[in-house]
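The values are calculated or read from the model by the stated rules, or taken from the named source; none is laboratory data. Computed from a predicted model, the values in this text were never measured in an experiment. Positions of Cβ are backbone-derived with ideal geometry, glycine not excepted, and every protein chain shown enters the neighbour counts. Protein only, heavy atoms only, side chains kept; ligands, DNA and RNA dropped before computing areas. Shrake-Rupley method; radii C 1.70, N 1.55, O 1.52, S 1.80 Å.
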Amino acid sequence: MKRSTTALVALGAVTAAVAGGVLFLGAGGGAGAAGKGADGLPPATATVVRTDLVLSKTVDGRIDFAQRRAVKAAVEGTVTVAAAEGRTVRRGEALYELNDKPVTLLYGPVPAFRGMKAGHRGSDVLQLERNLRDLGYGAGLYVDTEYGKDTEAAVKRWQKHLNRETTGRVGRGDVVFQPGEVKVVSADAALADQVGPDAPVLTIASTKPVVRALLEQTDGALTARGTKVEVTLPSGKTVPGKVAGTVRPEGEDGAESGGGQEGITVEVVLDGGSRAASGEDAEATASATFVSEAREGVLAVPVEAVVALRGENGGYGLQVVRGRTSEMIRVETGMTADGRIEVSGAGLRVGMKVGVAKP
């Protein structure tokens, strides 16, 4: 991810550009005052256009999946079925097996921090009951925060389906709660590996494809959550997306961070969900264009057309050329991008010819 191109033009370039080709004028400069030729006309002209100006930066990136995190064993045991890399795991399916028992994925934001049994109360119980209902084991189950007899009966039905001992209790390490379906990125423990509590067994991620790109430390404004990004995938297809946040570069400990010494690693979520990058080569390079500001349908001229006016009022002007005559009009300047600058002012319209310095 080394290539980096920036389409930004500093407003400070205005003075330098006009100083080399068009004279500084007094505030009352009239027709022909800024011309370089014998007839008072500029050496070259450009046309006032209506266009979109975009401040952007393009860098290389690669396809990945969002929210990578490790799943750790809650109890000691032997891996009897290892995680299948690349597999998408959904509610009620096993992530892996420990001691010949499936560790089942259930949906919910609260982690599985304990075993659950009759008499327990809490948000984890509420999550469990919602999953039992959605998996089809909720007949007669009242979904609340209390692990009652109805919860115990639903758990027994679920355990019977899994071919497990029907205890009516959910043991510590029997389930893993995640916000939704996950993709297995890597199997960190192989078949027959002995794992202890808190030992990583597999790494998972969201099924949503993202593009990870490296920005420079000076590009902090582009890393804001929600910044618009246009991503060109390896196939050439262009997909819109937005910045979801920053992550630690690979090889560093931890999950979320503001970046490393060489720059800031940004995660871009693609519009269109899991289908957005379907069939794309994850090993190939993608291109990400970060849009920091955009102005649509504005009047614009080349930067070198703007004249810095001298005098008490100062400001900027354009030398408008009409046939064999010209006059200076005062303008307000705005955003600059790709060598053009936004201009506005009384009498300024599309198609006008304005003086520029000779190339």
For segment 203-359, what is the Kirkwood estimate of the hydrodynamic radius, computed as the reciprocal of the mean inverse distance between distinct Cα atoms, to one decimal in Å?
19.1
So if I restrict to the alpha-carbon atoms in segment 307-359, what is the Rg, and what is Dmax, the biggest pairwise distance, in Å?
11.6, 31
Rounded to the nearest 20 debye, dipole of segment 273-342 from Cβ charges on Lys, Arg, Asp, Glu:
500
Would you mind pulling out the separation of the Cα centroids of segment 191-233 and segment 132-151, in Å?
35
With all protein chains present and a 1.4 Å probe, the order of Lys57, Lys160, Lys183, Lys237 from largest accessible area down is Lys160, Lys237, Lys183, Lys57
Determine the sum of side-chain charges near Arg295: Lys and Arg each +1, Asp and Glu each -1, restricted to other residues whose C-beta is under 9 angstrom from that of Arg295.
-4
All other residues with a Cβ under 9 Å from the Cβ of Ala282 taken together, and with Lys, Arg as +1 and Asp, Glu as -1, what is their net charge?
-3
In whole Å, largest first, the alpha carbons of segment 144-209 cover along the principal axes 38, 31, 21
Compute the relative contact order of segment 48-119 as a whole-number percentage, counting only Cα pairs closer than 8 Å that sit 6 or more residues apart in sequence.
20
Measure off, as a whole percent, the carbon and sulfur share of the 1.4 Å-probe accessible area of segment 66-144, all protein chains present.
48
What accessible area, in Å² to the nearest ten, does a 1.4 Å probe give for Glu304?
70
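Order the following by accessible area, largest value first: Val268, Val176, Val49. Probe radius 1.4 Å; ligands, DNA and RNA are ignored.
Ranking Val268, Val176, Val49 by accessible area, largest first, yields Val49, Val176, Val268.
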I want the local charge near Asp144. Using Cβ-Cβ distances under 12 Å, sum +1 for each Lys or Arg and -1 for each Asp or Glu among the other residues.
0
Using 0.36 nm times the number of residues separating Arg164 and Val75, minus their current alpha carbon distance, what extension gain do you get?
30.3 nm
Leaving ligands, DNA and RNA out of it, work out the accessible area of Val239 with a 1.4 Å probe and give it in Å² to the nearest 10.
10
Given Cβ charges of +1 for Lys and Arg and -1 for Asp and Glu, the option among Val175, Thr218, Ile204 whose Cα lies farthest towards the positive end of the dipole of segment 173-229 is Thr218
With r as the distance between the Cβ atoms of Lys242 and Lys358 and R0 = 45 Å, compute the FRET efficiency 1/(1 + (r/R0)^6) and round to 0.05.
0.55
